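Worksheet: one structure, shown below.
Values quoted throughout were computed directly from the atomic coordinates according to the rules given, and no laboratory measurement underlies them. The structure presented is a predicted model; accordingly, all values stated were derived computationally and were not measured. Cβ coordinates were reconstructed from backbone atoms using ideal geometry, including for glycine residues, and neighbour counts include every protein chain displayed.
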Amino acid sequence: MLLRAVGRQMTSVIRHQTAVRNIAISRVALGGGGHHHDPQPVYIPKPGSLDWSLCSSPHAKSAHPFEPYKPDVGSFVGAVVFIGLTVAAVLLKTDTFKKDDGHHHHHTHSHSKQSSHKKEEEVVHHEEPEEKHEEVPSLETRNTEEVHAAHEAPAAVEDPVPSTSKNVDKEAVASESAETKTAEPEDNSAEAQEKPEGTPAAGHDATPSTSKVRSYHFKYAFKFLKSLERKAQNYQNLTFLFFQTAEEPTTSESKEEKSPLHCEYVIIGSGTAAYYASLAIRAKQAEAKVLMIGEETELPYNRPPLSKELWWYGDESAATKLDYTSLSGKKRDIFYEVSGFFVSPEDIPKAVHGGVSLLRGKKAVKICAEDKKVILDDGTTVGYDKVLIATGVRPKKEKVFEEASEEAKERITYYHYPKDFKRVESGLADKSVQKLTIIGNGLLASELAYSIKRKYGDGVEVHQVFEQNHPAEDILPAHLAQKSSEAIRSSGVDLRAKQKVEGVRKCCKNVVLKLSDGSELRTDLIIVATGEETNSEIIEASGLKIDEKEGGVKADKYLKVTDNVWAAGAIATYEDSILGARRVSSWENAQISGRLAGENMATAGKSEKAFWYQPSFFTKFAPHLHINAVGQCDSSLETVTVHAEPDPENPLEKAVVFYKSKTDGTVVGVLLVNVFGPSLDVARRIIDDRKRVEEFKEIAKLFPLYELPKTEEETKEKSA
Ligand SMILES: Cc1cc2nc3c(=O)[nH]c(=O)nc-3n(C[C@H](O)[C@H](O)[C@H](O)COP(=O)(O)OP(=O)(O)OC[C@H]3O[C@@H](n4cnc5c(N)ncnc54)[C@H](O)[C@@H]3O)c2cc1C
């Protein structure tokens, strides 16, 4: 039985692969070799994610971007040994320092005498702070000298620390440089290598005495304690500076002077595009320091489940934890990372191995491209080497609801954020919401109507009100839009098509909507989902170009806006080589464009790649209606729909819709209804080929519209 099942599975895989190979062959024959593309941007799977592990990323196996945060047994053991040594050092300190001082003076002195000039330079470079430590046993003196050393070392003076308190800064740098040296194995080995040559008592040194070994340990133990003490002091100072700046400055110039943070890579926004860009930067540049600035207080999260999975598969914990149990049985939540993934903003400038930091609840208001600074709404500034704009979109406001009384407004939610899900879900769960009205006919409004009805069934009255004829009619061809209306109605949603909301007022415990046909609709809660607008204030304030038609920030095909500035996700209007200027508001676009922008930022001037990928989207807003689409799926274009014959055994009616370009009739979009498998890649190939298609029935054969004919074995099995 098992063998037969495995055999069947293999046959099916081989048949699918053969189909894909045929497509590739037909493309070559048609396209005469096709045109060249840059390699496809790669996916980075979330660590531990089952779904994304299927992505074909060369980076997928590289744990590097996550390595600093993984449990590291070696470091743990090292830390335990180190603490042990530290305790020993404190206990034996006085005695041993007396013993070893003489020896070390001797060693240092003779070493400097006998080394060549180049070697002396090297020794000074690597060992100067250590020699000073040895000569000065008292804490106070050592402290002064270390700071002094750092003052004199130009290489150690970095930008990242605040300029308002220079003494603090230098001390911070001093402690960091001492720490770095302690941590670096080269320092130890350099010292060890010098010994046989430079120490007259080389014979003794070959087998170090116990007291020498101890002195080594004491030296590092002492430095470790000192650095911890100073680190704590510095962080306190930095934290203080960082969080105090909000109250201090009055003019924007004086605010700018503070410049409390500088980060190599700054990302404005903390959504999907931002998150993937941060991973891509670190995948390309292992020790990169990335700072995300996010207006929201949430950790970066995945938005689509807010209208789908959380409703379909969430239980009572969904409203608090934003989690659900996927069909595979795995508990998942919407967040890309736990908070421990992120380095704190105060620590990021000094993070030896870099990392990704998140500044939450802060809005960036201006990019000063010339000064390479971002100004935040609280007046602080953040310096950058390269910056990414990933500010996405927000719900469009509707005049009629904006003009409602404050009391009525309490019953209105523009659905976009996790808090909106929590509000609606908890209202439904505690039955304070039993009548719900959703405004809009787009994908979000339609998904919500379906998902909420699916979860709460007869426990809730769901009305969907819109001015158009059918849900999603700006995407679906008219005949499919009509079918979807029927499907939604059959699932129990009350569709109020061709209705404009003319007024809204509070009435007792509810609100009442006045519709354009004169009727009134009493409801407990109103969800407005009528569209989106770009978060583009920062673009205007920064003097960057906004695309007049699409509304996003103008970027080229490399997602570059101007020198050292890139854009990705739903805010970016980029040049697509086939479809022209596009702004795509979809999850996959945010993921892939974020990834690509991150790569291009990290490899700027070396190997930037153009954005050629056609992002897809998925939606489901009625039972038996799974839609996947790619390219320009706009119902104002001419469409050709190829349907499969209805199958009495299968309620999923399958169809492929081709959207034809207005100018040359080539296929610019493909929408798949209940068609799965590798079909999206096939659709991308068709768009990519830019051929005029005459025989749509033929080309539709590339999609699994019908069950594949049964193999001989399967037929025998059935008849047996
Ligand atoms: C409920 C819902 C369901 C969806 N379902 C789907 C779906 O099924 N399939 C699909 O393809 N797409 C879906 N989308 C759309 C998809 O989620 C978005 O296209 C995608 O999240 C865009 O990603 P982004 O990173 O560009 O922007 P966002 O994810 O919106 O992130 C932008 C972030 O930047 C922050 N920000 C904005 N301005 C500033 C500033 N000045 N300073 C600091 N931070 C700022 C915002 O607060 C936000 O957190 C859905 C959207 C919603 C709302």
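For this structure, a couple of remarks:
- Likely footprinting exposure, 405, 451, fewest C-beta neighbours within 10 Å first: 405, 451
- Ranked 312, 587, criterion: other C-beta atoms within 10 Å, fewest first: 312, 587
- Förster-model FRET efficiency, 60 Å R0, residue 469 and residue 371, C-beta, rounded to 0.05: 0.70
- For residue 368, the residues whose modelled amide H falls within less than 5 Å of its own, excluding neighbours fewer than 5 places apart on the same chain, are 373, 374, 375.
- Note on segment 434-456 and segment 348-388: Cα centroid distance 38 Å, given to the nearest whole angstrom.
- Taking other C-beta atoms within 10 angstrom as a stand-in for reagent exposure, 467, 540, 295 fall in the order 540, 467, 295, fewest first.
- Computed from the C-beta positions of residue 650 and residue 514, the FRET efficiency with R₀ = 41 Å rounds to 0.40.
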